[in-house]
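Encoded as structure tokens, the structure appears first; notes follow it.
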Amino acid sequence: MTAWATAWATAWATSMGDQHGASLADRVEDELRRGIGHGAWQPGDLLPSEGELATRFEVSRTVVREAMSRLRAAGLVETRRGRGSFVLTRPAAQDFAHSLGTVRSLHDRLQLLELRRGIEVEAAALAAARRTPATLAAVDTALRRTAAVRGSASDAVEADFAFHRAIAVAAANRFYLDLLDTLGAGAITRPYAAGPDPGHLDKVFDEHRRIRDAIFAGDALSAAAAMRTHLDASRARLTG
């Protein structure tokens, strides 16, 4: 086992400390995917035995079998009778979509916000610098949509996401838009989990309005600052 694999195994106890919304099989599968993806085991390597994994992860053998069956179905490992399970290949780059599907805990949500901060702050600055009449109109329409939401949580999520997506379009860089579309509306569901609260919606609208105003003014620095403030406030609402 590599030094990385040893460090990864040691970190398991910490990652297992937060199991909200995830089954043990989910957690074992996710950690094995990470281990394979980061090179703890190379293609062709023999994975630890079922018993060793059960002991390491402090789960039953049944849980390990379920996780391994998922990895076999994904084409990442193969099991040879009497010999054990071997790594076939590393997870493909598009497994980022799989990672997004495992966002369950508060810690996951906060890390996702950190990712969005790194993407959307710059996207807002680019939108201010590259705005066109058409993209400004789309941002304004999305803002009015967030102002009108007072119904279901799903409506609030879709309106919120539509505003951020309109800014990615205005940034005129297809990779920003592709990445935001990959994240999807699920990236902003957590604040509305208990249903849209009018006070919360008013705060979000005001933050969105400040972003819109800076983009309309062509002020890239202010647009970036307004987006950073908005996402930092979103983080505070998650932890408050």
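The values are calculated or read from the model by the stated rules, or taken from the named source; none is laboratory data. Remember, predicted model here, so these are calculated numbers, not experimental data. With ideal geometry, Cβ positions are generated from the backbone for all residues, glycine too; neighbour counts draw on all protein chains shown. Only protein heavy atoms, including side chains, enter the accessible area calculation; ligands, DNA and RNA are left aside. Shrake-Rupley method; radii C 1.70, N 1.55, O 1.52, S 1.80 Å.
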Flagged in the range 223-240 as open to solvent by 50 Å² or more (accessible area, probe 1.4 Å) and either in contact (Cβ under 8 Å) with a residue 60 or more places away in the chain or out of contact with any helix residue (DSSP H, G or I) (no Cβ under 6 Å at 6 or more places or on another chain) (or both), in numbering order, are Arg228, Thr229, Asp232, Arg235, Ala236, Thr239, Gly240
How many residues of the range 155-186 are free of Cβ contacts under 8 Å to residues at least 24 places away in the same chain and open to solvent by 30 Å² or more (accessible area, probe 1.4 Å)? The answer is 6
Leu110 being at pLDDT 90 or above and either part of a helix (DSSP H, G or I) or open to solvent by 60 Å² or more (accessible area, probe 1.4 Å) (or both)
no
For the range 32-73, the count of residues that are under 27 Å from the mean Cα position of the chain (by Cα), over 13 Å from Leu88 (Cβ atoms), in a loop (DSSP other than H, G, I, E, B) and not β-branched (Val, Ile, Thr) equals 4
Residues of the range 130-154 being of a type outside the set (A, V, I, L, M), in a helix (DSSP H, G or I) and either over 19 Å from Gly186 (Cα atoms) or open to solvent by 80 Å² or more (accessible area, probe 1.4 Å) (or both), in sequence order, are Arg130, Pro133, Thr135, Asp140, Thr141, Arg144, Arg145
Requested in this report: Take Leu88 and decide whether it is touching a residue at least 12 places away in the same chain (Cβ under 8 Å) and either open to solvent by less than 70 Å² (accessible area, probe 1.4 Å) or small (Gly, Ala, Ser) (or both).
Outcome: no
